[in-house]
Amino acid sequence: MTDTESHLDPSLLERVRQRAGKLIARCPACAENQQDRRAEHLVIFPSGKFACAAHPGDGEHRRRIFALAGVMAERRRDDGERRRWREQRAREQAREQKRAELRSSARSTLRELLAAHPWPRVEVWEDSPQRPDGPRVVSDPRHFLATLYPPKARLWTGEVHHSGPAHAAHWRTRAEWQAAVDAGIGPMVSPALWRPGTVSRTIDAVLHAPYTVLDFDGFGGVKPAGALEMAAHLADSLAMIRWLRDQSRWELAAILHTGGKSLHAWFHTPAAAAVESLRMAAAELRIDAGLIGRPEHPCRLPGQRHAGSGDLSRVWWLDLPAR
């Protein structure tokens, strides 16, 4: 890290605390870009010198820190800058408060919610607009993509590492994937639609996110062990999916069992506020937050063998194709 002679005003910093004789806080320059949420980048030494662990040696970053939180006597007064910084801090604190409230509410009502929305597997099968009673619906990846996407939609499928210029062939239209006779489809797909010419699976290359995929991979971060825990886990997952569909009005598109211990629920992406609220409460609702709001992230296609269990991924519920 590189430090400087200038001093910071702790009253302008977030989450300041002592650690090993130094002050640790959220870096205000990182916070401008919604970073350093754990408030551990900024270090202030006993001499008053400071540094950002995420940007060592970056003079411009260091000057930005000082502009936002430097001692007033050492910098030119900028009431507008200070007001904007305080407004940003207020927004961050409001978000944190909302997150805490959502988590508390979800934690206290989870059992009641699950008990009120049971969805037994046989009912899921009966309710599915396309009956999962044959290989075309259950395990055909091309049929799955044809149900969810229009012919001209540009999609990525492949292994997780298939990203970059050497893997450009993994971006094709849905019609091209459907007509392909090679073995290149799958085992994964991202729910995103991609910009023309994309060769890297990054969020910046996403044209549109028509679906939000929820991963039920072990509630509370604990994977089910044994047949009884697995059955309870799947029952709870289906109840949560039904609650989202029936009570929260999320429009369900597909449910896929990965062949391992998780279900993937594909929903038509709702309003951004609804996605953000779910992400805030995901842990307490026993949903893996890893896929929420990340349309570039790979998800398993049907008919693919799971490396751990050896079982094939299978569709449990599938909407009718869009007209």
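The values are calculated or read from the model by the stated rules, or taken from the named source; none is laboratory data. In this text, all values refer to a predicted model and were calculated from it rather than measured experimentally. Note: ideal-geometry Cβ built from the backbone for every residue, glycine included; neighbour counts use all protein chains shown. These area figures cover heavy atoms from the full protein model, side chains too; ligands, DNA and RNA do not enter into them. Shrake-Rupley method; radii C 1.70, N 1.55, O 1.52, S 1.80 Å.
Taking a ≥ b ≥ c as the square roots of the eigenvalues of the Cα gyration tensor of the chain, is the shape rounded (a/c under 1.5), prolate (a/b larger than b/c) or oblate?
prolate
Legend: residues LYS261, LYS49, LYS223, sorted from most to least accessible area (1.4 Å probe; ligands, DNA and RNA excluded), read LYS223, LYS261, LYS49. In this simple spin-label approximation, ALA307 and GLN18 carry label points 7 Å from Cα along the Cα→Cβ vector, and these lie 4.7 nm apart. Rounded to the nearest 10 square angstrom, MET280 shows an accessible area of 10 square angstrom against a 1.4 Å probe. Here the accessible area is traced with a 1.4 Å probe on the protein chains. For the chain, carbon and sulfur cover 52 percent of it. Modelled label positions at ASN33 and ALA274, each set 7 Å beyond Cα in the direction of Cβ, lie 3.2 nm from each other. For the chain, the relative contact order comes to 19 percent (Cα pairs under 8 Å, sequence separation of at least 6). With every protein chain in place and a 1.4 angstrom probe, the accessible-area ranking of GLU251, GLU112, largest first, reads GLU112, GLU251.
Towards the positive end of the charge dipole of the chain, with charges on Cβ (+1 Lys, Arg; -1 Asp, Glu), say which of PRO191, ALA225, ALA69 has the farthest Cα. Farthest along the dipole direction, towards plus: ALA69.
Each residue of the stretch 166-173 was assigned a 3J(HN,Hα) from its phi angle through the Karplus curve 6.51 cos²θ - 1.76 cosθ + 1.60 (θ = phi - 60°); the sequence is 6, 10, 4, 5, 7, 10, 9, 6 Hz, with glycine and proline shown as x.
The solvent-accessible area of ASP288, taken with every protein chain present and a 1.4 Å probe, is close to 70 Å².
Calculate the FRET efficiency for SER200 and ARG63 from the Cβ-Cβ distance with a Förster distance of 25 Å, rounded to the nearest 0.05. So, using R0 = 25 Å, E works out to roughly 0.20. The modelled label-to-label distance between ARG111 and SER11, using points 7 Å beyond Cα along the C-beta direction, is 4.8 nm.
Close amide H pairs (under 5 Å, H built 1.01 Å from N) link ARG201 with GLY164, residues at least 5 positions away or on another chain. In a fully extended conformation the segment linking GLU159 and GLN247 would gain 28.1 nm over its present Cα-Cα distance, using 0.36 nm per residue. Remark: accessible surface ordering of ARG286, ARG314 (largest first) is ARG314, ARG286, probe radius 1.4 Å.
Helix-only estimate, please: 222 nm mean residue ellipticity of the chain, summing -39500 (n - 2.57) across DSSP H runs of length 4 or more and dividing by its residues, to the nearest 500.
Numbers: 9 runs with 110 residues, N = 323.
Value at 222 nm, helices only, nearest 500: -10500 deg cm²/dmol.
With respect to the chain, whose longest principal axis is taken over its alpha-carbon atoms, helix 226-246 is tilted by about 80°. Potential lengthening of the chain between ALA232 and LYS49 amounts to 60.4 nm, from the contour at 0.36 nm per residue minus the alpha-carbon distance.
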